[in-house]
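Any read-out appearing in this document is the output of simple, stated calculations on the displayed coordinates, not a laboratory observation. As the structure is a prediction and not an experimental result, all values here were calculated from the model. Here the Cβ positions follow ideal geometry from the backbone for every residue, glycine too, while neighbour counts run over all protein chains shown.
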Amino acid sequence: MSKNRKVVVFIAQTLDGYIATKDDSLEWLFKVEGEGDNGYSEFYETVDTIVMGKRTFDWIMEQEKGNFPYPNKECFVFTRSQLENTSHVTFLNEDIPAFIHSLKQKVGRDIWIVGGGDLLQTFFKEKLVDEMIVTIAPTILGEGIPLFKEGNYQLDLHLKSVRTFNQFAELHYDVKKA
């Protein structure tokens, strides 16, 4: 455990840059022939904190039929609503950059931004991301929820590694800090 915690995006997208269809479906992802768990378990061991938006949390809980999939991790869900915390989740409605900066000062492993699109956009604009691990699926949707929304921001990246998991290509980047 260290105090040099990184904020990491670990996510899959289509070749044309979408993380889900317009109706939040990931069926396209499960149709691609991968290899094992496509690096998920290896990555999962590097984090002890998970951050996501409320829509993503709701989608995950629906897919998992109410079973929380990250029981041994500290999990924060950003929401505009006032919600009561659970045994697994702390719901937050506060300044995202300030919260993330304070979280990075605590001793621990890396911090995983699970999604969704709006929260990722905020992290990109505020330059809160330290690394990106993007797995590309050989699928083109033509429309959907983009990983990178239009906006007034720029990220400069440094390619650390490229791996393949059968039909998936994993691109691992450091985000260059000015």
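A few comments on the model shown:
- Per-residue 3J(HN,Hα) values for the stretch 162-178, derived from phi via the Karplus relation 6.51 cos²θ - 1.76 cosθ + 1.60 with θ = phi - 60°, read 9, 9, 10, 10, 6, 8, 8, 10, 9, 10, 10, 10, 8, 8, 5, 9, 6 Hz in sequence order (x marks Gly and Pro).
- Here the contact order of the stretch 1-93, divided by its residue count and restricted to Cα pairs under 8 Å and six or more residues apart, works out to 18 percent.
- Under 5 Å, built H, 5+ apart or other chain: amide partners of Leu157: Lys176
- Interchain or long-range residues, amide H under 5 Å from Cys75's placed H: Ile50, Thr90
- Converting phi to 3J(HN,Hα) with the Karplus coefficients 6.51, -1.76 and 1.60 and the offset θ = phi - 60°, the stretch 38-45 yields 6, x, 4, 4, 4, 5, 4, 6 Hz in sequence order, with x at every glycine or proline.
- Sorting the segments 77-83, 10-16 by their mean number of nearby beta carbons within 10 angstrom, highest to lowest, gives 10-16, 77-83.
- Rg/Rh (Cα only; Kirkwood hydrodynamic radius) as it applies to the stretch 91-173: 0.99
- Per-residue ³J(HN,Hα) for the stretch 77-88, Karplus 6.51 cos²θ - 1.76 cosθ + 1.60, θ = phi - 60°, Hz, x for Gly and Pro: 10, 7, 8, 8, 8, 8, 10, 7, 4, 10, 5, 10
- Ranked by the mean number of other Cβ atoms within 10 Å of their residues, highest first, the peptides 101-107, 141-147 fall in the order 141-147, 101-107.
- Remark on the chain: ratio of C-alpha radius of gyration to 2.2 N^0.38 Å is 1.00.
- 5 angstrom amide H check on Ala137, placed H, neighbours 5+ away: Gln13, Thr14, Leu15
- Members of Lys6/Lys149; Lys22/Lys54; Lys54/Lys177 lying beyond 24 Å, as alpha-carbon distances in this model show: Lys54/Lys177
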